[in-house]
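See below for the structure under consideration.
We did not get these values from a lab; they are worked out from the coordinates using the rules stated. Computed from a predicted structure; not experimentally measured. Using ideal geometry, Cβ is built from the backbone for each residue, glycine included, and neighbour counts are taken over all protein chains shown.
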Number of protein chains: 2
Amino acid sequence: MVDLRHLSTFVAVAEEGSFSGAATRLRMAQSAVSRTIRDLERDLGKQLFDRSTHHVALTQAGHATLDSARTALAAVDTVRLTAGDAGDCIRCPHDGAKKP
Amino acid sequence: MVDLRHLSTFVAVAEEGSFSGAATRLRMAQSAVSRTIRDLERDLGKQLFDRSTHHVALTQAGHATLDSARTALAAVDTVRLTAGDAGDCIRCPHDGAKKP
DNA sequence: ACGTTTTACGTAGGCCGTAAATATC
DNA sequence: GATATTTACGGCCTACGTAAAACGT
């Protein structure tokens, strides 16, 4: 199953242009980044990066995926925002007098 | 962290109108559905359902979240589609003569 | 009293970090 | 030879299922 962490890791690698850079940004080990991308490529059935040890470049599929991955991540952020913006149930005792 | 499984479980409960119905559709135990919704509500900081043991109704926040959750799930599906549609790297040995 | 949701318990699978190996410049 | 990615190993945490309890109709 494709996971959000897969997607954000993928975007980080694409933006940083390197696995180690993404690992630093995400505060995780490079090995985790490598495995995550590997799993994502396996899930999607497409190679996302052309990597030759010192060069990491997006494949054509990678470019297309990058766009939609960003869209998906934004959509999930929107979930948080809409949930936060939405008023709660008319009579929800658990958030008391939060709204004026 | 909000997970895609959280979202699809939430949508299933909202559409089925019951936890057990969602559990049946998702082929999982009711307890798992209950915990997943609980976790999602905790993550979002909002109650999504008003449940009184025999009635499950979306709260106001639940309605708003349902919309954006569907959008997010569709966006993730789009990731799969775009990745699948996209041509691979010009010279990718691993998927040989897949494209005419 | 029945049906549905929730909690408790124990187990299985996945993810991550550390460390070692591999490959490229 | 140095840097960056990948693989191996061990541990931790999370998620699930089964079973039992709580709640409302």
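Sorted from nearest, the other copies put their B:R42 label points 2.9 nm away, the label point being 7 Å from Cα in the direction of Cβ. On the rotation that sends chain B to chain A, the chain B Cβ lying closest to the axis gives residue and distance in whole Å as B:A75, 2. In terms of overall dimensions, the C-alpha atoms belonging to the stretch A:4-85 reach 45, 27, 19 Å along their principal axes, ordered largest to smallest. Mean separation of Cα pairs under 8 Å and 6+ residues apart, divided by the residue count of chain B: what relative contact order is that in percent? So the answer I get is 25 percent.
Annotation for A:D50 and B:A74: the two label points, set 7 Å from Cα along the Cα-Cβ direction, are 3.5 nm apart. Each other copy places its own label point for A:G21 at 5.0 nm from this one, sorted shortest first, where the point lies 7 Å along the Cα-to-beta carbon line. Close amide-amide hydrogen proximity is noted between A:F49 and A:T59, each under 5 Å apart and 5 or more residues distant or on a separate chain (H modeled in the peptide plane; Pro and chain starts excluded). The local environment of B:T71, defined by Cβ-Cβ distances under 12 Å, has a net charge of -2 under the rule Lys, Arg +1 and Asp, Glu -1.
Structure remark: mean-square fluctuation, Gaussian network model of chain B, C-alpha springs under 10 Å; the largest value among B:V33, B:V11, B:V76 belongs to B:V76.
Using just its DSSP H runs of length 4 or more, each adding -39500 (n - 2.57), chain A gives a mean residue ellipticity at 222 nm of -20500 deg cm²/dmol after division by all residues.
Using a 10 angstrom cutoff on alpha carbons, build the Gaussian network for chain A and name the most mobile of A:D43, A:D77, A:D85. Judging by the Gaussian network model, the answer is A:D85. Between 0 and 90 degrees, the angle of helix B:30-44 with respect to the longest Cα principal axis of chain B falls at about 90 degrees.
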